[in-house]
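Beneath this line is the structure, given in structure tokens, with notes to follow.
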Amino acid sequence: MNHYPKVAVVILNWNGRFFLEKFLPSVYNSDYPNVEFIVGDNGSMDDSVEFVTTFYPAIRIVKNDSNLGFAGGYNAVLKAVEADYYVLLNSDVEVSANWITPVVELLETNPDMAAAQPKIRSYYLRDHFEHAGAAGGFMDHYGFPFCRGRMLHVLEKDLGQYDTPCELFWASGAAFFIKRQHWELSGGFDADFFAHMEEVDLCWRLQLAGYRIGYCPQSVVYHVGGGTLPSSNPRKTYLNFRNSLFMLQKNLPLLEAVWVVFARMWIDLLALIHFMVQGKFQDAWAVSRSHQRFFLDFFKTAKKRKRHGPKVRPLGMYRGSLVWAFYIQGKTLFGKLDRRRFL
């Protein structure tokens with residue numbers, strides 16, 4: 001690549017001294033020639049900011065006064081960042097030296113591609129894909145996200161089966177590359193999501209505006225996952241269920257949104273019962289609270305829908321139920337899904 005656009009690698013931090021100390025060395029040693037490193041702090045109460053300023057004085061700190069979540073935090077921090085590309089990188093990600101260039105090349109050679117992600121493997125099980133992104137994100141008709149290389153809780157071993165660049169429904173927020181112009185055009189994340197699924201919503205809105213989302217397997221990063229909220233956390237359960245409903249209401253065509261949300265309520269009821277049977281009463285209550293909040297915010301979300309009216313059918317939506325395919329049909333690998341059911 002003869003021209004190197006400016007890239008800003010932005011790590012959002014909240015009480016993350018441990019992860020910054022462990023993973024900043026690999027990030028800081030990235031060999032891209034035109035890069036700025038920024039830590040956006042979300043009102044941390046530990047000494048993570050002092051650690052960065054002491055040991056990495058070249059890294060710029062942008063402070064938020066309080067914890068605005070992943071969505072609101074990045075929205076606030078990126079207002080202070082000037083670059084051609086933003087890379088939103090989780091603090092619990094290890095990178096290789098040449099992880100930036102391949103993704104930027106992919107985006108540079110595809111003017112209508114707004115965002116992309118690298119291949120994301122597990123930090124602890126390094127030859128397997130990682131839950132939050134794997135080899136690129138897709139979504140079923142009822143708002144359940146999944147990935148090439150990760151179906152629900154099943155992670156595939158990386159055997160080179162996803163080593164071809166492709167288009168996605170969504171790119172992972174763990175290592176999210178986006179052109180600044182498209183970030184600004186879209187308005188960034190929906191801050192009401194706070195955390196979880198905000199990148200899925202953003203990618204959906206970008207597709208409805210006529211842009212594409214990409215996957216670059218030539219770049220590989222390793223993600224710990226669950227660094228802020230572990231998978232068993234009821235707060236995470238609440239956010240995932242609530243935000244999924246928000247997203248469906250905002251982005252589906254009107255009549256489709258009505259019946260899909262209705263069907264999703266019944267699917268969620270099954271999930272609530274499943275949590276109860278397992279003795280996970282806080283998770284069950286989290287599902288119930290997510291529905292309550294969805295209805296309380298119904299008209300607020302409806303106003304956002306008017307700003308992001310559907311224009312095109314997004315690529316990468318599975319016209320079926322992931323839950324049905326996984327639990328009833330036994331399709332636990334991405335490659336087993338019927339390709340004819342993808343838009």
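Since every read-out is calculated from the coordinates, none of them should be taken as a lab result. This structure is a prediction, so every number in the text was calculated from the model and none was measured. As a convention, Cβ positions derive from the backbone with ideal geometry for all residues, glycine included, and neighbour counts pool all protein chains shown.
Remarks
- Straight-line cross-link partners of LYS250 among the aspartates and glutamates, defined as a Cα under 20 Å from its Cα and at least 8 positions apart when in the same chain: ASP140, GLU184, ASP190, ASP192, GLU198, GLU199, ASP201, ASP268, ASP297.
- Label-point separation in nm, GLN218 to GLN329, each point 7 Å along Cα→Cβ: 3.4
- Label-to-label distance, nm, for residues given as LYS303 and ASP163 (7 Å Cα→Cβ offset): 5.2
- Spin-label pair LEU152/VAL277, simplified geometry with 7 Å Cα→Cβ offset, distance in nm: 1.1
- Only Cα pairs under 8 Å and 6+ residues apart enter the sum, and on that basis the relative contact order of the chain stands at 18 percent.
- Taking θ as phi - 60° and the Karplus parameters 6.51, -1.76 and 1.60, the scalar couplings of the stretch 194-207 work out to 6, 7, 6, 6, 5, 6, 5, 4, 4, 5, 4, 5, 5, 5 Hz in sequence order, x denoting glycine and proline.
- Three-way shape label, the stretch 108-171, alpha-carbon gyration tensor, a/c 1.5: oblate
- Estimated purely from DSSP H runs of n ≥ 4, each contributing -39500 (n - 2.57), the mean residue ellipticity at 222 nm for the chain is -11500 deg cm²/dmol once divided by its residues.
- Packing, taken as the mean count of other beta carbons within 10 Å per residue, orders the peptides 123-132, 6-15 from highest to lowest as 6-15, 123-132.
- Under 27 Å from LYS119, Cα to Cα: lysines that are on another chain or at least 8 residues apart: LYS6, LYS22, LYS157, LYS179, LYS236, LYS331, LYS336
- Summing Lys and Arg as +1 and Asp and Glu as -1 over all other residues whose Cβ lies under 15 Å from the Cβ of VAL39 gives a net charge of -3.
- Placing a label point 7 Å from the Cα of LYS63 along the Cα-to-Cβ direction, the residues of the stretch 2-42 whose backbone N falls under 13 Å of that point are 40-42.
- Around HIS3: net Lys/Arg minus Asp/Glu count, Cβ-Cβ under 14 Å: -2
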